[in-house]
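*Asks:* Below is the structure I would like to discuss, written out as structure tokens.
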Amino acid sequence: MAAAATPFGHITVIADDDASVAAFLRLRPLAALPGIGPATAKTLNRYGISTIGQLADTPAGPLIRLLGAHAARELHARAHGLDDRPVRRTALVRSTSTSHTFEADELDPVAHRRELLALADELGARLRTTGEVCRGLTLTVRYADRTHTTRSRTLPEPTHHTPALSTLAYDLYTRLGLERARVRQLSLRADQLGLADGVHHQLLFDDHDDKARKLEAASDAARARFGPHVIQPAATAPNVQGVTSRQSGGFRAG
């Protein structure tokens, strides 16, 4: 209740004593008290009870006749600042995002996909570092005319595996059906984060996925020791000795 009554940028402090709690509650409208909806408030208003203080001062007998025994006792106690319900922590729905802004409007789909891979790789490394997985991705494409398009999709299973993230990012991009679009910025957001502990991975009947995960673990170890940019997907690296980075499917060390 204090949080709801506190303007942005301000702090409300209520001392832990009966007088301070009563002073905070008494003049507040009935609707501010948890458990009082519009119908209950309307019923009480008809009998001249419009504030929490007036509710607290009303004897239990009349309240029971108006609201019933259970609701009357519960709301009367709350009007006095008494609430024996346990405090339960609710997990926040978290997300994390990253973006790339091109130096100039970019029309090349190959360049778009290269940056999508870099963004997916960054998100994957970030999630693995924090021990989290995501359950979906959101792609936002901003254009030269300052408009944007957003697409979201749920992953087949919670993951922090870069190939899975990049595959979904590519699919979201393909579904946009862009034709010579002048793209200014790409943003990728990992949605519905959760702890990686206890998340099961569906095993596949080939060793490519297993090798990719081992390679990913090795790259994470190198990044942890030498910095986040020491290793990156080969497709995102600049050309070296006349060989394009897209000709390699692995990682390249810096």
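*Asks:* Among the listed residues Gly136, Gly124, which satisfies the condition of being more than 30 Å from Gly37 (Cβ to Cβ) and either without any contact (Cβ under 8 Å) to a residue 40 or more places away in the chain or part of a strand (DSSP E or B) (or both)? First the steps, then the outcome.
*Replies:* On the way: Gly124 fails: either without any contact (Cβ under 8 Å) to a residue 40 or more places away in the chain or part of a strand (DSSP E or B) (or both).
It is Gly136.
*Asks:* Could you identify the single residue in Ala39, Ala56 that is more than 30 Å from Leu116 (Cα to Cα) and open to solvent by less than 60 Å² (accessible area, probe 1.4 Å)?
*Replies:* Numbers: Ala39 fails: open to solvent by less than 60 Å² (accessible area, probe 1.4 Å).
Answer to the selection: Ala56.
Matching residues to (1) more than 22 Å from Arg114 (Cα to Cα); (2) in contact with a Pro (Cβ under 6 Å, 6 or more places away or on another chain); (3) modelled with pLDDT under 95; (4) open to solvent by 80 Å² or more (accessible area, probe 1.4 Å):
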site	(1), (2), (3), (4)
Leu137	no, no, no, no
Asp145	yes, no, yes, yes
His161	no, no, yes, no
Arg180	no, no, yes, yes
Arg189	no, no, no, yes
Gln192	yes, no, yes, yes
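*Asks:* Restricting the search to segment 1-35, which residues are surrounded by 16 or more Cβ atoms within 10 Å (Cβ to Cβ), aliphatic (A, V, I, L, M) and over 30 Å from the mean Cα position of the chain (by Cα)?
*Replies:* Of everything in segment 1-35, those that are surrounded by 16 or more Cβ atoms within 10 Å (Cβ to Cβ), aliphatic (A, V, I, L, M) and over 30 Å from the mean Cα position of the chain (by Cα) turn out to be Leu25, Leu30.
*Asks:* Going through segment 67-93 one residue at a time, which ones are basic (Lys, Arg) and free of Cβ contacts under 8 Å to residues at least 12 places away in the same chain?
*Replies:* Initially, segment 67-93 is screened for residues basic (Lys, Arg), giving 73, 78, 85, 88-89.
Arg85, Arg88, Arg89 - these are the residues of segment 67-93 that are basic (Lys, Arg) and free of Cβ contacts under 8 Å to residues at least 12 places away in the same chain.
*Asks:* Further question on the same structure: Would you be able to tell me the number of residues in segment 5-48 that are farther than 24 Å from Asp84 by Cα, of a type in the set (A, V, I, L, M, F, W, C) and touching a Ser or Thr at 6+ places or on another chain (Cβ under 9 Å)?
*Replies:* Counting residues in segment 5-48 that are farther than 24 Å from Asp84 by Cα, of a type in the set (A, V, I, L, M, F, W, C) and touching a Ser or Thr at 6+ places or on another chain (Cβ under 9 Å) gives 0.
*Asks:* Mind checking which helices (runs of 4 or more DSSP H) fall wholly inside segment 1-59 and carry at least 3 residues that are among the polar types (S, T, N, Q)?
*Replies:* Hits in segment 1-59: 38-45.
*Asks:* Which pairs turn up if I take residues in segment 53-66 that are over 18 Å from Pro29 (Cβ atoms) and look for partners that are surrounded by fewer than 16 Cβ atoms within 10 Å (Cβ to Cβ) with beta carbon separation below 8 Å, at least 6 apart in sequence or on another chain?
*Replies:* Filtered contacts from segment 53-66: Ala60/Arg73; Pro62/Tyr47; Ile64/Arg73.
The values are calculated or read from the model by the stated rules, or taken from the named source; none is laboratory data. Predicted model, so just to flag it, every value in this text is computed and none were measured. Using ideal geometry, Cβ is built from the backbone for each residue, glycine included, and neighbour counts are taken over all protein chains shown. In case anyone asks, the SASA skips ligands and DNA or RNA and just uses the protein heavy atoms, side chains included. Shrake-Rupley method; radii C 1.70, N 1.55, O 1.52, S 1.80 Å.
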